[in-house]
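Take a look at the structure set out below.
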Amino acid sequence: MRALRERRWLLPGLLLVVWLVIGGGLGPFAGKLGQVASNDGASFLPQSAESTQVLSLQREMDAREALPLVIVWSAAPAPLPAGTMGAARKALGQMAGSPALAGAPSPVVTSDDRQALQAVLPLRADLGTDLRGAVDSLRSAAHVAGVTVFLAGPAASQADLGDAFSGIDGLLLGVALGVVLVILLAVYRSVLLPFLVILSAVFALGLASGIVYALAQHGVVRIDGQVQGILSILVIGAATDYALLLSARFREELTHTPNRFDAMRTAWRRSVEPVAASATTVALGLLALLLSDLANNQALGPVGAIGVACAALAALTFLPAVLVLLGPGAYWPARPRSGQSASSGLWERVSRLIARSPRKVWGWSLAALLAASCALPLFSARGLPLEETFIHSEPSVTAQRVLDSHFPAGQGDPAVVLTDVAQADRVLAVVRATPGVANVSRTPHTTPDRRTALNAVLAAPSDSRAAQQTIVRLREAVHRVPGAHALVGGRTAQQLDTQDTAARDRLIIIPVVLAIITLILVLLLRALTAPLLLIATVILNFTATLGVSALVFPHLFGLDGADASVPLYGFVFLVALGVDYNIFLMTRVREESRTHGTRAGVLRGLSTTGGVITSAGVVLAATFSALGVIPLAFLLQIAFIVAFGVLLDTVVVRSLLVPGLVYDLGSRVWWPSRLSRAQPRPPAAPERDRTREQ
């Protein structure tokens with residue numbers, strides 16, 4: 001017997017040692033992902049789009065790919081002082097020898113109002129983390145007395161984007177973990193358990209970061225600041241959710257048996273199925289992003305799936321080991337007591353409300369969600385202008401405003417038209433005649449297949465809807481020139497292609513994600529009715545969330561629309577993560593229904609899981625809210641959609657709508673399984689006593 005008892009301690013002790021080694025060895029990689037991350041704007045482009053083909057052909061023209069930096073010297077509202085042109089040319093000449101340049105600077109051009117000058121420097125596109133230093137150095141070199149220097153264009157925007165992601169490792173991780181810790185301490189009134197849950201999440205993130213780092217180093221996966229931030233939040237949120245589910249079940253089992261090993265064996269066996277199903281749902285939902293034609297979407301798929309798998313692994317191995325070793329002491333000072341009820345007064349009251357008036361509960365819940373969904377047509381995902389890309393007013397945004405106020409709005413960011421050299425003159429004439437084109441010029445470069453480039457300056461700002469409409473007209477016009485094989489690219493065309501690709505991705509990926517989740521739910525619940533019901537409710541939760549977002553973004557955040565990828569990201573996270581809580585609830589309901597019947601099973605399942613699932617939802621919402629510390633509108637929008645959507649799902653969908661519908665349907669919800677034909681035991685009266693059993 002003594003030998004048997006000693007062997008019982010062996011496995012948890014071994015698992016603890018393994019995870020301590022993993023945490024110590026791989027933990028630092030969570031802070032090193034920035035070393036293998038690339039925030040090159042080209043990596044966000046659709047792979048098969050016309051603008052991406054143009055970019056590829058441009059690289060053939062010049063092996064040293066250029067990133068334009070527009071220098072603006074402004075004296076506005078006064079005219080330029082005498083001698084400013086000469087001083088600007090001298091400064092430009094001195095900059096020409098900079099190793100950061102990929103070619104010769106353009107001539108200095110005077111604005112029509114005589115208040116500003118501008119020139120374009122072609123910076124090397126491979127500067128990477130050295131871009132900010134190069135931009136700052138050129139800013140200093142461009143100094144001219146009597147005028148103000150502004151830096152605009154893609155190079156300046158990319159430098160500001162790099163600044164937005166700098167320090168993401170420590171800041172984002174610190175905020176997310178701090179928020180989670182505060183919530184857990186407040187909710188669970190336990191000193192040790194919150195730290196164990198946090199440690200489980202940190203170990204999971206360390207393991208995921210180490211794997212992703214190695215894969216990124218060998219070019220198997222690609223990572224950028226956006227993917228890096230989402231990975232951290234996703235792993236922390238998922239690991240915390242899974243840890244809370246297991247720890248709550250272990251606590252419940254400790255009230256039935258004083259033997260910690262028996263309690264953990266039951267808790268682990270009852271938790272592994274919903275945790276595995278949840279992790280599989282989220283991972284496969286993320287992997288569906290591989291069907292996207294946008295490189296950053298494709299990057300998030302495998303990276304996110306690795307993160308979720310590591311979160312589940314830590315919750316099902318490290319946490320059980322440490323909980324067994326500590327036993328009831330893990331919950332000190334609120335230790336579980338023998339015979340103590342696992343349900344709370346709040347969720348017993350909610351259960352009684354559902355039992356009394358199930359149709360009123362699900363009817364009013366459904367009405368509220370439908371009302372919120374009515375604003376969905378107002379949601380715009382046509383992309384954001386440059387001035388709304390950053391939360392704060394970045395230097396490149398201010399510079400772009402100055403540039404647009406003195407020169408044709410698209411001066412610093414022309415559309416690029418590639419055409420066969422033999423038809424260049426005809427295409428040039430067609431481009432010049434296209435409405436919305438301010439002027440056009442021909443470059444001296446050619447590709448190996450005898451193509452040349454035309455730079456078409458647009459009359460409208462390059463990030464505006466009007467500029468995109470000009471691109472559409474340009475493409476229609478130049479495509480009609482026989483033998484020209486003309487293609488239109490440039491940043492405006494890239495934005496247009498990205499939006500069109502994002503819309504195409506939604507049509508393909510959303511049905512795939514729904515099919516994956518439905519299949520997993522069918523296998524998990526051994527039924528058809530319940531999975532379809534759950535899928536319908538999470539879709540409704542998503543439409544309601546977008547409806548609310550359509551009102552919040554312009555009126556609270558001051559954003560006229562959303563990034564083109566926001567709806568897809570929001571759908572994948574909300575549906576995949578939102579169905580988690582329904583999985584946690586319905587697996588418990590199914591377990592209780594076998595013994596007590598479906599209606600009693602719903603009430604018992606809700607009263608026992610309500611607290612832990614709600615806590616998990618609050619933690620996940622708070623974790624995703626931490627993305628708001630990165631000053632980018634895209635991540636702020638994702639943070640709001642996921643946080644609000646998870647709270648809406650937790651408070652309304654999973655707590656009221658789903659239990660009300662399942663209670664109303666009764667055993668029919670398990671059709672066509674054998675459980676749907678079982679005769680449920682009539683609810684005992686009074687309801688108060690029934691929900692307090694166990």
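The values are calculated or read from the model by the stated rules, or taken from the named source; none is laboratory data. These numbers were taken from a predicted model, which means no experiment stands behind them. Heads up, the Cβs are rebuilt from the backbone with ideal geometry, glycines too, and the neighbour counts pull from every protein chain shown. Accessible surface is based on the protein model in full, side chains and every heavy atom, while ligands, DNA and RNA are left aside. Shrake-Rupley method; radii C 1.70, N 1.55, O 1.52, S 1.80 Å.
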Remind me, relative contact order of region 454-524 in percent, using alpha carbon pairs under 8 angstrom and six or more residues apart?
-> 23 percent
Show the residues, 5+ positions off or on another chain, whose built amide H is closer than 5 Å to the amide H of residue 124.
-> 67, 101, 102
Sort the following peptides by mean Cβ neighbour count (other Cβ atoms within 10 Å, averaged over residues), highest first: 627-639, 544-556, 223-235.
-> 223-235, 627-639, 544-556
Taking the Cα centre of each part, how many Å lie between region 222-282 and region 401-456?
-> 56 Å
Inter-label distance for residue 374 and residue 182, nm, one decimal - labels placed 7 Å from Cα along Cα-to-Cβ | 3.6 nm
Carbon/sulfur accessible area of region 226-352, % of total, 1.4 Å probe, equals 61 percent
From phi via Karplus (6.51, -1.76, 1.60), per-residue ³J(HN,Hα) for region 525-536 in Hz, x at Gly/Pro | 9, 6, 7, 10, 4, 4, x, 5, 5, 5, 4, 4
Amide H contacts under 5 Å for residue 439, restricted to residues at least 5 apart in sequence or on another chain and with H modeled in the peptide plane, are 457
Quote to one decimal, in nm, the extra length available between residue 439 and residue 11 on full extension: 0.36 nm per residue of separation minus the C-alpha distance between them.
-> 146.7 nm
Backbone N under 17 Å from the residue 126 label point (7 Å along Cα→Cβ), restricted to region 196-223 | 219
Carbon and sulfur atoms account, in whole percent of the 1.4 Å probe accessible area of region 416-480, for 52 percent
Which residues' amide hydrogens lie under 5 Å from the amide hydrogen of residue 192, considering only partners 5 or more residues apart or on another chain, with H built in the peptide plane?
-> 332
At residue 56 and residue 526, where each label point lies 7 Å from the Cα along Cα→Cβ, what is the point-to-point distance in nanometres?
-> 5.1 nm
Sum of side-chain charges, residue 46 neighbourhood, beta-carbon under 10 Å (Lys, Arg +1; Asp, Glu -1) | -4
Using θ = phi - 60° and the Karplus curve 6.51 cos²θ - 1.76 cosθ + 1.60, what whole-Hz ³J(HN,Hα) does each residue of region 279-294 get, with Gly and Pro shown as x?
-> 5, 5, 4, 5, 5, 5, x, 5, 5, 4, 5, 5, 6, 6, 9, 9
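If you average the sequence gap of Cα pairs under 8 Å that are 6 or more apart and divide by the length of the chain, what percent do you get for the contact order? Numbers along the way, then the final one.
Numbers: 1227 pairs, mean separation 124.8, N = 694.
Here the relative contact order equals 18 percent.
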Pop out the ³J(HN,Hα) list for region 268-277 in order, Karplus 6.51 cos²θ - 1.76 cosθ + 1.60 with θ = phi - 60°, rounded to Hz; leave Gly and Pro as x.
-> 5, 5, 7, 9, 5, 5, x, 5, 5, 5
Of the candidate values (i) 27.8; (ii) 26.4; (iii) 29.1, the one computed for Kirkwood radius over Cα pairs in Å from this structure is (i)
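Could you work out the helix-only [θ] at 222 nm for the chain, with each DSSP H run of four or more residues adding -39,500 (n - 2.57) and the total divided by the number of residues, to the nearest 500 deg cm²/dmol? Write down the numbers at each step before the final one.
Numbers: 23 runs with 424 residues, N = 694.
Result for the chain: -21000 deg cm²/dmol, rounded to the nearest 500.
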Simple label model, 7 Å out from Cα along Cβ direction - residue 479 to residue 382, nm | 2.0 nm
Relative contact order of region 104-221: what whole-number percent is it, with Cα pairs under 8 angstrom and at least 6 residues apart?
-> 13 percent
Could you state, as a whole-number percent, how many of the C-alpha pairs of region 487-612 are farther apart than 21 Å?
-> 54 percent
Per residue, how much accessible area does the chain show when a 1.4 Å probe rolls over the protein heavy atoms, in square angstrom?
-> 39 Å²
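Let me make sure I get this right: for region 463-528, a, b and c are the square roots of the gyration tensor eigenvalues over alpha carbons, sorted descending. Under 1.5 in a/c it's rounded, otherwise prolate if a/b > b/c, else oblate. Which is it?
Here region 463-528 falls in the prolate category.
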Please say if region 265-377 is rounded, prolate or oblate, where rounded means a/c under 1.5 for a ≥ b ≥ c the square roots of the C-alpha gyration tensor eigenvalues, and otherwise the choice is prolate for a/b larger than b/c and oblate otherwise?
-> oblate
Expressed in angstrom, Rg and Dmax over the Cα atoms of region 62-153 are 13.1, 42
